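> Take this structure first; my questions come after.
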Amino acid sequence: MEQCYTDNFLLKYLYRETSITQTLEIEHLIETDATTKSQYDRLRAGYKYLPKVLFYPSDSAMENIMKYSTQSAALNPSF
């Protein structure tokens, strides 16, 4: 694997954005390839320092979106 591809692949794995096949592949690489394990450990260390954020809109934001949608639908009945 190329360096850039490996880093991107490892990041997807860290964020649990890989398919089961990709997950098994990367876990095998981490176990068997010292370079990949080193890259993974480095990325995981940095990942731990990132703030854990949940992206849920506030109730008022959802109300505003729904109000805008209702108004838009009234103005454009063809939708």
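Every number here is computed from the coordinates shown, using simple stated rules; none is lab data. The structure presented is a predicted model; accordingly, all values stated were derived computationally and were not measured. No Cβ is skipped: glycine too gets one built from the backbone with ideal geometry, and neighbour counts run over all protein chains shown.
> What pairs come out if I take residues in segment 54-76 that are on the phi < 0 side of the Ramachandran plot and pair them with residues that are of a type in the set (A, V, I, L, M, F, W, C) whose C-beta lies under 8 Å away, six or more apart or interchain?
Every condition considered, the pairs that remain are Pro57/Ile65; Ser72/Phe79; Ala73/Phe79.
> Looking only at residues in segment 28-40 that are surrounded by 12 or more Cβ atoms within 10 Å (Cβ to Cβ) and not aromatic (Phe, Trp, Tyr), which one is farthest from the chain's Cα centre (by Cα)?
Residues of segment 28-40 that are surrounded by 12 or more Cβ atoms within 10 Å (Cβ to Cβ), as a first pass: 29-30, 33, 36-37, 39-40.
If we keep only those that are not aromatic (Phe, Trp, Tyr) as well, we get 29-30, 33, 36-37, 39.
Working: Leu29: 21, Ile30: 20, Asp33: 25, Thr36: 20, Lys37: 21, Gln39: 18 Å.
Checked segment 28-40; the qualifying residue farthest from the chain's Cα centre (by Cα) is Asp33.
> State all residues of segment 7-37 that are of a type in the set (Asp, Glu) and either touching a Lys or Arg at 6+ places or on another chain (Cβ under 6 Å) or free of Cβ contacts under 8 Å to residues at least 24 places away in the same chain (or both); if no residue qualifies, say none. Break it down stepwise before answering.
Here is the first cut: in segment 7-37, the ones of a type in the set (Asp, Glu) are 7, 17, 25, 27, 31, 33.
Those that are of a type in the set (Asp, Glu) and either touching a Lys or Arg at 6+ places or on another chain (Cβ under 6 Å) or free of Cβ contacts under 8 Å to residues at least 24 places away in the same chain (or both): Glu17, Glu25, Glu27, Glu31, Asp33.
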